[in-house]
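Before any comments, here is the structure.
The values are calculated or read from the model by the stated rules, or taken from the named source; none is laboratory data. These numbers come from a predicted model, not from an experiment. No Cβ is skipped: glycine too gets one built from the backbone with ideal geometry, and neighbour counts run over all protein chains shown.
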């Protein structure tokens, strides 16, 4: 099993956390072919699985790094996706 050291970039914007995948993680994953994000309104607790991900170099679930309520998901990257994500692409926005 692969363990990623720093999989997340967490930005704080007032009462929100903006979650992104880190550049080293994106490099290791390769092309992401499927991404299933939680629903808006979901309550997430730090450490719980929240994202199902399939990529050319990895398959599994990602654990949320902070607790909060999902207030937004990046609809442009969810579902089947053959494009390469970049580190500026946000994944989730959580309310503290």
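Some observations on this one:
- Scan of region 14-59 for residues that are in contact (Cβ under 8 Å) with a residue 40 or more places away in the chain, in a strand (DSSP E or B) and either exposed (fewer than 12 other Cβ atoms within 10 Å of the Cβ) or more than 13 Å from the chain's Cα centre (by Cα) (or both), ordered by number: 16, 33, 58
- Restricting 91, 2 to those that are surrounded by fewer than 12 Cβ atoms within 10 Å (Cβ to Cβ) and either modelled with pLDDT of 90 or more or not in a strand (DSSP E or B) (or both) reduces the list to 2.
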